[in-house]
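Enquirer: Before I ask anything, let me first share the structure, which is written out below as structure tokens.
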Amino acid sequence: MDDDLLSRLRRFHTDSFPAYQATFRTLVREGQHPNTLFIGCSDSRVLPHLLTGAGPGELFLVRNVGGFVPPFDGSTGYHGTAAAIEFATLNLAVQRIVVCGHSHCGAIRALYDEPNDEAHHLKAWLNLGKDAMLSVADPSPEALRRTEQRAVVLQLERLMDYPMVRRRVEQKRLTLHGWHYVIEDGQVDVFDVQRGQFIASSESAHSGTGPYPDPPADTGLPTIAPGAP
Ligand SMILES: [Zn+2]
């Protein structure tokens, strides 16, 4: 049987790797110093390196169902996403955190569907998007898009509950960026914290919430208002 995956690995080694060899060897010698933590949905159509033009060593990636950020609640468990946020912030000292949602997100759609009881962990995980839901039983494409965008803002708010994130944001050493990638248009809409809405990157003056405005001491990003964005 033709092993397509093996063929791809061999092609990488012979065709693609030589162009990057020097870069990878430098990254091995000097270690990685990515300046961006990218938290995105696992969806196969979301390609962080393609969207940002990033090369090796530039993005520290966290992918999960929905691109969700778990709460910083002091609980114990195998919290992979939370651990990655802590590592990226404390050890790698990233200067930007991007939370990237996208159009036609299955995780957001699943919020409105009956859960599959066999998917024990998935069912619990989707709770991280619940607060972004709109009060409709059968959401229209527009309602789903708004839910996707509200979910991004919700994750940004949760990020601000991580003490090491909040501290660095307030010290202006770290900026947070909420993105919504419209797959069919190749357009990333970026969340403008001051206007409280998503703006097409083609029309936005910046890549998201950063630079973070001087926040009131106890609030962080604005709470999602009903109907917004
Ligand atoms: Zn998704």
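Enquirer: Can you tell me which residue is surrounded by the fewest Cβ atoms within 10 Å (Cβ to Cβ) among those in segment 69-98 that are farther than 22 Å from GLY129 by Cα and touching a helix residue (DSSP H, G or I) at 6+ places or on another chain (Cβ under 6 Å)?
Expert: Residue satisfying both the conditions and the ranking: LEU90.
Enquirer: Hey, another quick one. Residues GLY67, GLY74, GLY101, GLY55: which one is touching a strand residue (DSSP E or B) at 6+ places or on another chain (Cβ under 6 Å) and either polar (S, T, N, Q) or in a loop (DSSP other than H, G, I, E, B) (or both)?
Expert: Result of the check over GLY67, GLY74, GLY101, GLY55: GLY67.
Enquirer: Would you mind finding the one in TYR78, TYR112 that is at pLDDT below 95 and over 17 Å from the mean Cα position of the chain (by Cα)?
Expert: Result of the check over TYR78, TYR112: TYR78.
Enquirer: Report whether or not ARG45 is within 16 Å of the ligand (Cβ to nearest atom), at pLDDT 95 or above, surrounded by fewer than 19 Cβ atoms within 10 Å (Cβ to Cβ) and not hydrophobic (A, V, I, L, M, F, W, C).
Expert: For ARG45, the condition - within 16 Å of the ligand (Cβ to nearest atom), at pLDDT 95 or above, surrounded by fewer than 19 Cβ atoms within 10 Å (Cβ to Cβ) and not hydrophobic (A, V, I, L, M, F, W, C) - is met.
Enquirer: Does HIS13 satisfy being free of Cβ contacts under 8 Å to residues at least 24 places away in the same chain, under 28 Å from LEU154 (Cα atoms) and in a helix (DSSP H, G or I)?
Expert: For HIS13, the condition - free of Cβ contacts under 8 Å to residues at least 24 places away in the same chain, under 28 Å from LEU154 (Cα atoms) and in a helix (DSSP H, G or I) - is not met.
Enquirer: Among the residues of segment 85-133, which ones are without any contact (Cβ under 8 Å) to a residue 12 or more places away in the chain and acidic (Asp, Glu)?
Expert: ASP113, GLU114, ASP117, GLU118
Enquirer: Working only within segment 115-134, note down all residues that are in contact with a Pro (Cβ under 9 Å, 6 or more places away or on another chain) and away from the ligand (no atom under 16 Å from the Cβ).
Expert: LYS123, LEU134
Enquirer: Looking at segment 103-114, can you tell me whether even one residue there is surrounded by 14 or more Cβ atoms within 10 Å (Cβ to Cβ) and away from the ligand (no atom under 16 Å from the Cβ)?
Expert: Among the residues of segment 103-114, not one is surrounded by 14 or more Cβ atoms within 10 Å (Cβ to Cβ) and away from the ligand (no atom under 16 Å from the Cβ), which makes the answer no.
Enquirer: Can you pull out the residues in segment 25-42 that are more than 10 Å from the ligand (Cβ to nearest atom) and in a loop (DSSP other than H, G, I, E, B)?
Expert: Within segment 25-42, GLY31, GLN32, HIS33, PRO34, ASN35 qualify.
Enquirer: Additional query: Take SER7 and decide whether it is over 30 Å from GLU157 (Cβ atoms), more than 16 Å from the ligand (Cβ to nearest atom) and either part of a strand (DSSP E or B) or polar (S, T, N, Q) (or both). Spell out the reasoning first.
Expert: Details: over 30 Å from GLU157 (Cβ atoms): yes; more than 16 Å from the ligand (Cβ to nearest atom): yes; either part of a strand (DSSP E or B) or polar (S, T, N, Q) (or both): yes.
Yes: the conditions hold for SER7.
The values are calculated or read from the model by the stated rules, or taken from the named source; none is laboratory data. For clarity, every value in this text was computed on a predicted model and none was experimentally measured. Please note: Cβ atoms are built from the backbone with ideal geometry, for glycine as well, and neighbour counts cover all protein chains shown.
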